[in-house]
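A short write-up of the structure that comes next.
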Amino acid sequence: MLLGATRSIGWVLVLLAPLPAVADNADLVRGERIFITQCAGCHAVAPGSHRAGPSLHNILNRPAGAVSEFQYSPAMENADVVWTPETLDAFLENPEQVVPGSRMVFWGLDERERELVIRYLREISSD
């Protein structure tokens with residue numbers, strides 16, 4: 001009986017193995033949805049496509065104010081910030097605290113929304 005139970009548990013584990021990929025896909029869809037509703041009014045993700053804010057394509061590991069064809073606020077141009085997941089998280093929680101004087105008018109996102117948007121930006125930047 002124990003051998004049969006062990007085999008059953010093994011099959012359950014095998015069947016569950018692909019689920020993280022499905023969860024990751026669902027999180028990316030949620031992240032994209034949040035981006036569209038909260039960010040896309042001012043930011044695009046296509047390279048070189050700027051709106052009120054610069055394109056966020058390949059934002060990870062990019063210094064703040066570094067897109068040459070976008071006119072940033074003096075605060076953003078002079079910010080000593082590199083956009084890592086951690087600095088993006090802090091900025092998306094409270095932009096004024098991270099870059100005081102930035103032109104970004106934004107009330108912030110909750111922790112889960114920030115995580116999903118950052119995962120989405122990471123994914124689209126790796127294409």
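Only the coordinates and a few stated rules stand behind these numbers; no lab work does. These figures come from a predicted structure and were not determined experimentally. Cβ: placed from backbone, ideal geometry, glycine included. Neighbour counts: every protein chain shown.
Some points to look at:
- Based on Cα contacts under 8 Å between residues 6+ apart, segment 22-125 shows a relative contact order of 30 percent.
- Under-5 Å amide H pairs with Ala44, H placed in peptide plane, nonlocal only: Arg51, Ser55, Leu56
- As a rough footprinting exposure proxy, the listed residues Glu86, Glu115, Glu96 were ranked by other beta carbons within 10 Å of their own, and the order from fewest upward is Glu86, Glu96, Glu115.
- Cut-off under 5 Å, modelled amide H: who pairs with Trp83 long-range: Asn61, Arg62, Ala64
- Met104, Met76 arranged by Cβ crowding within 10 Å, fewest neighbours leading: Met104, Met76
- Neighbour-count ranking [beta-carbon atoms within 10 angstrom, fewest first] of Thr87, Thr37: Thr37, Thr87
- Gyration tensor (Cα) of segment 22-125, equivalent ellipsoid semi-axes in angstrom: 21, 15, 12
- Label sites at Gln97 and Ser125, each approximated as a point 7 angstrom past Cα along Cα to Cβ, lie 2.1 nm apart.
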